[in-house]
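Chemist: Below is one structure. I have some questions about it.
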């Protein structure tokens, strides 16, 4: 067959055939009966928004490469898929499209499932589920009712962001400049009943468990440690006096720096604190301030950056050491939901307190000084330089202006004050955590109903397990205001399971983090009557978990917490849900826009823009294809709808094929780094695949190759075989240990370049070429499985599933070099090269090097003083 007759690479035909074969043979369905070691590879489940984006493609391709590689290395591999299907976006889409959230969600799932299958992912689809179906969320409801009975789920009032137009609670991220992200209404702080899980009961275990996760990125573990925020300090009691001097309930504050207690010049409390509301009863100005403070968000980040505001309540706190009266101020940077809602203010040594005291003219008192000042400047004290005295951990400090505690260092003061406060019942040592209990209730419709019944006599009662699931009605009409189940008296109406009286159901639904916190365990036990059965202990923990760094705190914290709940319920034996974590980088692309007269910008998709590049490949100019006029180059940013710089994977698959898209996604950058989308690079990957396809077809057309006989190979054939096995070793290490898929691909490309120059058509030359091509196909199979499926059959294996073939092994004998080429230097300058046997003795190497013709000329008239040999590399002759 001539090269002109070589079958061309047709991605659509090749990929359709491979996918049909996998589906017919149920290639990726697994069970627990295998004698192979298990391997559970899991990528974070997607939200069914309607279509895959390039971030999805990258994430799931990484997981698929690892899964396919592990299968080829002899593992029983589980790679499942499901849908994180509840959530507010479905409600907003339903309102916009005038449909029900369920209908919109299920249609999206059907479309996205087709896109996943078109990408060729080795997924066990028999385990698929959507978290919005009753057969999934019934287990979540059952778990919650059991947690209620154990006291790990409870209800209390909590201050939240409330959108008065949409009548819903907003997450901190949904409050933008103090307004609701969708309605634009001024957000209010409102205290409403909320359901919580006692994650704080597991705070220390969550912290300690990070030391048992060497396979997690240090950056993620650091973020989790900071979020848990363990701190040791004292809880100190300040007695309180009313305006008329009468005693009120005391204040308790927690501090990690009790050594600064003598520097307290006021106490700040939250606007929602009972003392603030007490003081505001006869103070219209204070009442007005408290009303204002109810607007705006409740996130710590917002409170830290906003202008400091406050007012003196007129109440006074009694200093627990000096007995002096210090004013109690309402301050907008204190949250009722954090700690005790009160903070002892030390403006001489705390930046936030310093700013507040400076604004309102409150005193600042130095109580920390350097123990060994270097100069007169350091012996003085400037409150504007408070951090010099409080924050420098490298300098020894001591207490000043602190009565009997003067001269003590931090630890000495801590111990002395702790002993004093505990003896006088004014305080106690405490370990505190920044972590707060997990608020799991949302005032929204499209979520899992919280299985609670409210009875006038019995209070909040868990729904009996035999009455679960509490079904969420799916055929509803959304108006954009309020929840349909809250507005439906028939849905709310029920009977108290304890006393039989008329009662009502809870109309809040679960935070969607609930569904995504235990989904990984449900994959292991499809059809089980409980959330997880004994199969869970076969598969868990997850061997490789993959997802974005943006989930480092909340999702991964709840993910770890829920696993401990499952363990304590004796459903699983392990302590942590995943042994290894890979956080892939973002997919970024160029942005282009034009500025409008009103300051707004029109963003143009890169596919609609023609660019000019400089000699380094950087964009130096751009015009809109539609009108030929220039557009502004906005730089590379994360693909997003707002910047209109997304690339539709479906369009790329239709144009190039799934394998080419997968290949570029893995080649353009290491998994942990950002990937810059570049269609020219995609086109380059397409050319590479076509070239490999053509080489395989041409070789196969010449007929079957004979068996390889290593002892009968020529030097050139041995060199070619050595390159093949060097590549096998390199790619295996890149896949298995390093997850460096880009360098694995580069190594196969280099192998093909060498193979393209390899000459010879005798039997052993064809055997060496067959081995190299088979190796290339096997090595690329995890990344380009469709093309490799087709090429494997062309190479003479029509009846075998490529995924069941073992990953190629390095033949150590093939790596042995019969001869090596050595550079010969004279006084450090290259003068020639020589070829010697790999095991040649030193005397022979020295002789051959000196006799090399060019080297000999440079040695004329010189005396050889020393010969230095770097084995396998260099001979340096020192002469003079």
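Chemist: Say whether the condition of being out of contact with any strand residue (DSSP E or B) (no Cβ under 8 Å at 6 or more places or on another chain), assigned to a loop (DSSP other than H, G, I, E, B), crowded, with 16+ Cβ neighbours inside 10 Å and at pLDDT 95 or above is met by at least one residue in the range 459-468. Before the answer, list the steps.
Modeler: So in the range 459-468, the residues out of contact with any strand residue (DSSP E or B) (no Cβ under 8 Å at 6 or more places or on another chain) come out as 459, 464-468.
After this cut, where a residue has to be assigned to a loop (DSSP other than H, G, I, E, B) as well, the list is 464, 468.
Checking the rest, the ones that are also crowded, with 16+ Cβ neighbours inside 10 Å come to 468.
Pick out the ones that are also at pLDDT 95 or above and you get 468.
Within the range 459-468, one or more residues are out of contact with any strand residue (DSSP E or B) (no Cβ under 8 Å at 6 or more places or on another chain), assigned to a loop (DSSP other than H, G, I, E, B), crowded, with 16+ Cβ neighbours inside 10 Å and at pLDDT 95 or above.
Chemist: Right, another one. So if I check each of 772, 813, 840, which one is more than 34 Å from the chain's Cα centre (by Cα) and surrounded by 20 or more Cβ atoms within 10 Å (Cβ to Cβ)? Steps first, answer last, please.
Modeler: On the way: 813 fails: surrounded by 20 or more Cβ atoms within 10 Å (Cβ to Cβ); 840 fails: surrounded by 20 or more Cβ atoms within 10 Å (Cβ to Cβ).
The unique qualifying residue is 772.
Chemist: Let me ask you something else. Within the range 399-412, is there a residue that is under 44 Å from the mean Cα position of the chain (by Cα), buried (at least 16 other Cβ atoms within 10 Å of the Cβ) and part of a helix (DSSP H, G or I)?
Modeler: yes
Chemist: Kindly evaluate residue 721 against the criterion of being without any contact (Cβ under 8 Å) to a residue 60 or more places away in the chain, within 24 Å of residue 757 (Cβ to Cβ) and in a helix (DSSP H, G or I).
Modeler: Working: without any contact (Cβ under 8 Å) to a residue 60 or more places away in the chain: no; within 24 Å of residue 757 (Cβ to Cβ): yes; in a helix (DSSP H, G or I): yes.
Here the answer is no, as residue 721 does not meet what is asked.
Chemist: Hey, among the residues in the range 270-295 that are under 36 Å from the mean Cα position of the chain (by Cα) and crowded, with 23+ Cβ neighbours inside 10 Å, which one's farthest from residue 186 (Cα to Cα)? Lay out the reasoning, then the answer.
Modeler: Of all residues in the range 270-295, those under 36 Å from the mean Cα position of the chain (by Cα) come to 270-272, 293-295.
Still in the running and crowded, with 23+ Cβ neighbours inside 10 Å: 270-271.
Numbers: 270: 20, 271: 18 Å.
Here the answer is 270.
Chemist: When the residues of the range 1-25 are filtered to those that are exposed (fewer than 11 other Cβ atoms within 10 Å of the Cβ) and assigned to a loop (DSSP other than H, G, I, E, B), which remaining residue is modelled with the highest pLDDT? Before the answer, list the steps.
Modeler: Of all residues in the range 1-25, those exposed (fewer than 11 other Cβ atoms within 10 Å of the Cβ) come to 2-5, 8, 20, 24.
Those still in the list that are assigned to a loop (DSSP other than H, G, I, E, B) too: 2, 8.
Working: 2: 44, 8: 92.
Applying the filter and picking the extreme gives 8.
Chemist: Before we move on, is residue 759 closer than 25 Å to residue 794 by Cα, modelled with pLDDT under 95 and either in contact with a helix residue (DSSP H, G or I) (Cβ under 9 Å, 6 or more places away or on another chain) or not assigned by TED's automatic domain parsing to the domain that holds residue 640 (or both)?
Modeler: Details: closer than 25 Å to residue 794 by Cα: yes; modelled with pLDDT under 95: yes; either in contact with a helix residue (DSSP H, G or I) (Cβ under 9 Å, 6 or more places away or on another chain) or not assigned by TED's automatic domain parsing to the domain that holds residue 640 (or both): yes.
It is true that residue 759 is closer than 25 Å to residue 794 by Cα, modelled with pLDDT under 95 and either in contact with a helix residue (DSSP H, G or I) (Cβ under 9 Å, 6 or more places away or on another chain) or not assigned by TED's automatic domain parsing to the domain that holds residue 640 (or both).
Chemist: Taking only the range 296-313 into account, find how many residues are modelled with pLDDT of 75 or more and surrounded by fewer than 16 Cβ atoms within 10 Å (Cβ to Cβ).
Modeler: At the first step, the residues of the range 296-313 found to be modelled with pLDDT of 75 or more are 306-313.
After this cut, where a residue has to be surrounded by fewer than 16 Cβ atoms within 10 Å (Cβ to Cβ) as well, the list is 306-307.
So the count comes out to 2.
Chemist: Could you please find all residues in the range 766-787 being under 18 Å from residue 73 (Cβ atoms), touching a residue at least 40 places away in the same chain (Cβ under 8 Å) and either in contact with a strand residue (DSSP E or B) (Cβ under 7 Å, 6 or more places away or on another chain) or part of a helix (DSSP H, G or I) (or both)?
Modeler: Matches in the range 766-787: 775, 776, 777, 778, 779, 780, 785.
Chemist: Right, something else. Just to be sure before I move on: is residue 727 in contact with a helix residue (DSSP H, G or I) (Cβ under 9 Å, 6 or more places away or on another chain), surrounded by 14 or more Cβ atoms within 10 Å (Cβ to Cβ), in the same structural domain as residue 777 (by TED's automatic domain parsing) and assigned to a helix (DSSP H, G or I) in the structure I sent? Show your work before the answer.
Modeler: Working: in contact with a helix residue (DSSP H, G or I) (Cβ under 9 Å, 6 or more places away or on another chain): yes; surrounded by 14 or more Cβ atoms within 10 Å (Cβ to Cβ): yes; in the same structural domain as residue 777 (by TED's automatic domain parsing): yes; assigned to a helix (DSSP H, G or I): yes.
It is true that residue 727 is in contact with a helix residue (DSSP H, G or I) (Cβ under 9 Å, 6 or more places away or on another chain), surrounded by 14 or more Cβ atoms within 10 Å (Cβ to Cβ), in the same structural domain as residue 777 (by TED's automatic domain parsing) and assigned to a helix (DSSP H, G or I).
Chemist: Let me ask you something else. Name the one entry in 664, 688 that is in contact (Cβ under 8 Å) with a residue 60 or more places away in the chain, within 27 Å of residue 747 (Cβ to Cβ) and assigned to a helix (DSSP H, G or I). Lay out the reasoning, then the answer.
Modeler: Working: 664 fails: in contact (Cβ under 8 Å) with a residue 60 or more places away in the chain.
After ruling out the rest, the residue left standing is 688.
Chemist: Further, regarding this structure: Just give me the residues in the range 484-506 being outside any strand (DSSP E or B), in contact with a strand residue (DSSP E or B) (Cβ under 8 Å, 6 or more places away or on another chain) and either assigned by TED's automatic domain parsing to the domain that holds residue 449 or under 25 Å from residue 100 (Cα atoms) (or both), in sequence order.
Modeler: Filtering the range 484-506 down to residues outside any strand (DSSP E or B) leaves 484-492, 496-501, 506.
Adding the requirement that they be in contact with a strand residue (DSSP E or B) (Cβ under 8 Å, 6 or more places away or on another chain) leaves 485, 491-492, 496-499, 501, 506.
Correct list: 485, 491, 492, 506.
Chemist: So, one more: Does any residue of the range 71-93 turn out to be in a loop (DSSP other than H, G, I, E, B), within 23 Å of residue 512 (Cα to Cα) and out of contact with any helix residue (DSSP H, G or I) (no Cβ under 7 Å at 6 or more places or on another chain)? Walk me through it before giving the result.
Modeler: Taking the range 71-93 as the starting set, the residues that turn out to be in a loop (DSSP other than H, G, I, E, B) are 73-75, 79-82, 84-87.
Subset that is within 23 Å of residue 512 (Cα to Cα): 79-82, 84-87.
With the extra rule that they be out of contact with any helix residue (DSSP H, G or I) (no Cβ under 7 Å at 6 or more places or on another chain), the set shrinks to 87.
Within the range 71-93, one or more residues are in a loop (DSSP other than H, G, I, E, B), within 23 Å of residue 512 (Cα to Cα) and out of contact with any helix residue (DSSP H, G or I) (no Cβ under 7 Å at 6 or more places or on another chain).
Chemist: Return the total of residues in the range 100-129 being assigned to a loop (DSSP other than H, G, I, E, B) and in contact with a helix residue (DSSP H, G or I) (Cβ under 8 Å, 6 or more places away or on another chain). Give the steps one after another, and end with the answer.
Modeler: So the first thing to find is which residues in the range 100-129 are assigned to a loop (DSSP other than H, G, I, E, B), and the list is 100, 119-124, 128-129.
Next cut, in contact with a helix residue (DSSP H, G or I) (Cβ under 8 Å, 6 or more places away or on another chain) only: 100, 119-123, 128-129.
The number of residues fulfilling the criteria is 8.
Chemist: Can you confirm whether the range 354-366 contains a residue that is farther than 30 Å from residue 277 by Cα, loosely packed, with under 12 Cβ neighbours inside 10 Å and in contact (Cβ under 8 Å) with a residue 24 or more places away in the chain?
Modeler: Residues of the range 354-366 that are farther than 30 Å from residue 277 by Cα, as a first pass: 366.
Next cut, loosely packed, with under 12 Cβ neighbours inside 10 Å only: none.
Scanning the range 354-366, I find no residue that is farther than 30 Å from residue 277 by Cα, loosely packed, with under 12 Cβ neighbours inside 10 Å and in contact (Cβ under 8 Å) with a residue 24 or more places away in the chain, so the answer is no.
Chemist: Tell me, please, whether a residue that is in contact (Cβ under 8 Å) with a residue 12 or more places away in the chain, touching a strand residue (DSSP E or B) at 6+ places or on another chain (Cβ under 7 Å), surrounded by 22 or more Cβ atoms within 10 Å (Cβ to Cβ) and part of a helix (DSSP H, G or I) can be found in the range 533-551.
Modeler: yes
Chemist: Name, by its number, the condition in (1) within 24 Å of residue 715 (Cα to Cα); (2) under 54 Å from the mean Cα position of the chain (by Cα); (3) surrounded by 15 or more Cβ atoms within 10 Å (Cβ to Cβ) that does not hold for residue 876.
Modeler: (1)
Chemist: Surrounded by 15 or more Cβ atoms within 10 Å (Cβ to Cβ) and under 27 Å from residue 13 (Cβ atoms): does that describe residue 720? Working first, answer last.
Modeler: On the way: surrounded by 15 or more Cβ atoms within 10 Å (Cβ to Cβ): yes; under 27 Å from residue 13 (Cβ atoms): no.
Spelling it out, it is not the case that residue 720 is surrounded by 15 or more Cβ atoms within 10 Å (Cβ to Cβ) and under 27 Å from residue 13 (Cβ atoms).
Chemist: Among the candidates 205, 140, which residue alone is farther than 28 Å from residue 473 by Cα and assigned to a helix (DSSP H, G or I)?
Modeler: Working: 140 fails: farther than 28 Å from residue 473 by Cα.
The conditions single out 205.
A quick yes/no check of all residues on (1) out of contact with any strand residue (DSSP E or B) (no Cβ under 6 Å at 6 or more places or on another chain); (2) assigned to a loop (DSSP other than H, G, I, E, B); (3) free of Cβ contacts under 8 Å to residues at least 60 places away in the same chain; (4) closer than 24 Å to residue 417 by Cβ:
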| residue | (1), (2), (3), (4) |
| --- | --- |
| 250 | no, no, yes, yes |
| 276 | no, no, yes, no |
| 308 | yes, yes, yes, no |
| 312 | no, no, yes, no |
| 329 | no, no, no, yes |
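Chemist: Here is a follow-up. Just give me the residues in the range 171-191 being touching a residue at least 40 places away in the same chain (Cβ under 8 Å) and assigned to a strand (DSSP E or B), in sequence order.
Modeler: 175, 186, 188, 189, 190, 191
Table: residues versus (1) at pLDDT below 95; (2) more than 30 Å from residue 155 (Cα to Cα).
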{"site": "519", "(1), (2)": "no, no"}
{"site": "544", "(1), (2)": "no, yes"}
{"site": "549", "(1), (2)": "yes, yes"}
{"site": "552", "(1), (2)": "yes, no"}
{"site": "558", "(1), (2)": "no, no"}
{"site": "570", "(1), (2)": "no, no"}
{"site": "581", "(1), (2)": "no, yes"}
{"site": "589", "(1), (2)": "yes, yes"}
{"site": "596", "(1), (2)": "yes, yes"}
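Chemist: With the checklist (1) without any contact (Cβ under 8 Å) to a residue 40 or more places away in the chain; (2) in the same structural domain as residue 270 (by TED's automatic domain parsing); (3) surrounded by 13 or more Cβ atoms within 10 Å (Cβ to Cβ) in hand, flag the one item residue 258 doesn't pass.
Modeler: (1)
Chemist: Looking only at the range 785-800, count every residue that is over 25 Å from residue 716 (Cβ atoms) and surrounded by 14 or more Cβ atoms within 10 Å (Cβ to Cβ) and tell me the total.
Modeler: At the first step, the residues of the range 785-800 found to be over 25 Å from residue 716 (Cβ atoms) are 785-790, 792-794, 797-800.
Narrowing the set further to residues that are surrounded by 14 or more Cβ atoms within 10 Å (Cβ to Cβ) leaves 785-790, 792-794, 797.
Total meeting the criteria: 10.
Chemist: Related question: Mind telling me which of the residues 704, 671 ends up being over 21 Å from residue 779 (Cβ atoms) and either touching a residue at least 40 places away in the same chain (Cβ under 8 Å) or not in a helix (DSSP H, G or I) (or both)? Let's see the steps before the verdict.
Modeler: Working: 671 fails: over 21 Å from residue 779 (Cβ atoms).
Sole residue among the options that is over 21 Å from residue 779 (Cβ atoms) and either touching a residue at least 40 places away in the same chain (Cβ under 8 Å) or not in a helix (DSSP H, G or I) (or both): 704.
The values are calculated or read from the model by the stated rules, or taken from the named source; none is laboratory data. Keep in mind it's a predicted model, so treat the numbers as computed, not measured. When we count neighbours, we look across all protein chains shown, and the Cβ atoms used for this are built from the backbone with ideal geometry, even at glycine.
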